[in-house]
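Structure record follows, encoded as structure tokens.
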């Protein structure tokens, strides 16, 4: 449409006058409009949008046959909605156009199904990995508990041997305190030496 307007702006005399025929659409071959303004082209775009929405709605967990049947039904419903809402054009879609659109939708549907199945496999592998990690985590908890118990036992044994050592050193100190110096002969009958003072 922009090209036609630019053409008319550059050549104002060519667009005016009775010798010039009205433009003919390359889509429907009818005079009076160009391809960009063609109602059939607008109908096709709307039909594709509705059909794609129907395909996206059907990507849930239903089977392939049910989904294909739903897409076909929704496609025909979209086609009948277009005919009811667009009364200015009496032309309907040809079988070839419907078949082409259906084939495009089917290809898109198959792509989405393969994506869905690959995502489902990924989810299953992630769940398996999660289960393995949970089992490994439980095993590590058990191992840590065992290690803590053995460390507690070692700690108790060390405390016992340390208490024996400290008890032995206290007794040794008591013996040393009680013990007399070897020159101290008191109590055996000797008198202590008196030191003469000068």
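No lab work stands behind these numbers, since they all come straight from the coordinates. It should be emphasised that the depicted structure is a prediction, and the values quoted were computed from it without experimental measurement. When we count neighbours, we look across all protein chains shown, and the Cβ atoms used for this are built from the backbone with ideal geometry, even at glycine.
Could you work out how far apart the two model spin labels at residue 35 and residue 111 are, taking each label as a point 7 Å from the Cα in the direction of the beta carbon, and quote it in nm?
2.3
Give me the extension gain from residue 174 to residue 144: residue separation times 0.36 nm, minus the current Cα-Cα distance, reported in nm with one decimal. Mind dumping the intermediate values first?
Values: separation 30, 0.36 × 30 = 10.80 nm, distance 4.44 nm.
Full-extension gain reported as 6.4 nm.
Quick one: which of 100-110, 127-137, 27-37 comes out on top by average Cβ neighbours within 10 Å, and what's the full order, highest first? Display every interim value, and only then the final one.
Working: 100-110: 14.7, 127-137: 10.0, 27-37: 13.2.
Output ranking for 100-110, 127-137, 27-37: 100-110, 27-37, 127-137.
Could you list 95, 26 so that the one with the fewest beta carbons within 10 Å of its beta carbon is first and the one with the most is last?
Numbers: 95 8, 26 11.
Result, fewest neighbours first: 95, 26.
How much FRET efficiency would the formula 1/(1 + (r/R0)^6) give for residue 100 and residue 122, where r is the Cβ-Cβ distance and R0 is 30 Å, rounded to 0.05? Numbers along the way, then the final one.
On the way: r = 34 Å, r/R0 = 1.12.
Between residue 100 and residue 122 the formula returns 0.35.
Residues of segment 89-132 with amide nitrogen under 18 Å from the 7 Å Cα-to-Cβ point of residue 28?
Of the residues in segment 89-132, 89-98 have backbone N under 18 Å from the label point off residue 28.
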